[in-house]
Amino acid sequence: MNIEIRHATKKDIPEIGKLFSKVYTTPDFDGFTLEKSIEYMNWLFGRCPEVAFVAVDGNKIVGARLAGTKPWFDGIHIVDGEIFVGKDYRGQGIGLRLTEKSFEAAKKLGATVVDSATFIQGKHTESGWDIQPQFLNLEWHKKNGFHVIEQMAIISGDIDELINKTKEHIAEND
Ligand SMILES: CC(C)(COP(=O)(O)OP(=O)(O)OC[C@H]1O[C@@H](n2cnc3c(N)ncnc32)[C@H](O)[C@@H]1OP(=O)(O)O)[C@@H](O)C(=O)NCCC(=O)NCCS
């Protein structure tokens, strides 16, 4: 198999979106429709085209890495990244090669750090769908140089609940 790693272009976005949708559609999650995936990939590509790379098998896109940049106090951070490789193409070094190209391009832009989030074992939401094994890639990231920041957690909240709770808290203090 002859896989080429090259810069992604705007023209690739529909195909990248298609692959993203396929990777993230599972028996208990179908939120990333083709339309939503293309919209998301278009947004992410627009944040920093220079670090967006695809893996191609002939004309077929079989993997991609895209991310944004953030000017932080200690230099530019790479943020909100997505990496995904088609199921039939995993375990052949494509993810590593995409990462190498993308991070080298990021360094040329002045990036000093890559911040990322990844799934760990457990339920994703209170409603409780399991994270499938294909998304449990912390070890992969660790092996390639990432470390977990123990002092921080990813926090998330529904906007209505956040407003209500904040209002309740304000009322309690009045
Ligand atoms: C994570 C992902 C991008 C890796 O891509 P890949 O092309 O399969 O990875 P590579 O083949 O380049 O990895 C090569 C090495 O990592 C190892 N590896 C691959 N997946 C791994 C995993 N989940 N955990 C630990 N090691 C892993 C391989 O065994 C190989 O190691 P070796 O060289 O010591 O044998 C791919 O599994 C994927 O697309 N997963 C679904 C989407 C996803 O979860 N993305 C990450 C979101 S944070």
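The values are calculated or read from the model by the stated rules, or taken from the named source; none is laboratory data. Nothing here was measured: the structure is a model prediction, and the numbers come from that model. Cβ sites come from the backbone with ideal geometry, for glycine too, and all protein chains shown count toward neighbours.
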> So which pairs qualify, if the first residue must be in the range 76-89 and closer than 18 Å to LYS107 by Cα and at pLDDT 95 or above, the second must be assigned to a helix (DSSP H, G or I) and near the ligand (Cβ under 7 Å from one of its atoms), the Cβ gap must be under 7 Å, and the two must be at least 6 apart or on different chains?
Replying inline: ILE83/GLY95
> Just a yes or no: is a residue in the range 107-118 at pLDDT below 95, surrounded by 14 or more Cβ atoms within 10 Å (Cβ to Cβ) and hydrophobic (A, V, I, L, M, F, W, C)?
Replying inline: no
> Taking the condition free of Cβ contacts under 8 Å to residues at least 60 places away in the same chain, closer than 24 Å to VAL148 by Cα, in contact with a helix residue (DSSP H, G or I) (Cβ under 7 Å, 6 or more places away or on another chain) and away from the ligand (no atom under 13 Å from the Cβ), does ALA67 pass?
Replying inline: no
> Consider GLY81 against the criteria (1) within 12 Å of the ligand (Cβ to nearest atom); (2) exposed (fewer than 12 other Cβ atoms within 10 Å of the Cβ): it satisfies all of them except one. Which criterion is unmet?
Replying inline: (2)
>> Can you list residue pairs whose Cβ atoms sit under 7 Å apart, with the first residue in the range 1-30 being in contact (Cβ under 8 Å) with a residue 12 or more places away in the chain and the second being surrounded by fewer than 18 Cβ atoms within 10 Å (Cβ to Cβ) and polar (S, T, N, Q)? Count only pairs 6 or more apart in sequence or on different chains.
In response: ILE13/ASN42; SER21/THR33; THR26/GLN132
>> Which residue is nearest to the ligand (Cβ to nearest atom), if the candidates are limited to the range 132-154 and must be over 18 Å from GLU100 (Cα atoms), surrounded by 10 or more Cβ atoms within 10 Å (Cβ to Cβ) and among the aliphatic types (A, V, I, L, M)?
In response: LEU136
>> Cβ contacts < 8 Å: first residue more than 12 Å from the ligand (Cβ to nearest atom), restricted to the range 91-111; second residue outside any helix (DSSP H, G or I) and among the hydroxyl-bearing types (Ser, Thr, Tyr), any location; separation 6+ or different chain. Result?
In response: ALA106/THR69; LEU109/THR69; ALA111/THR69
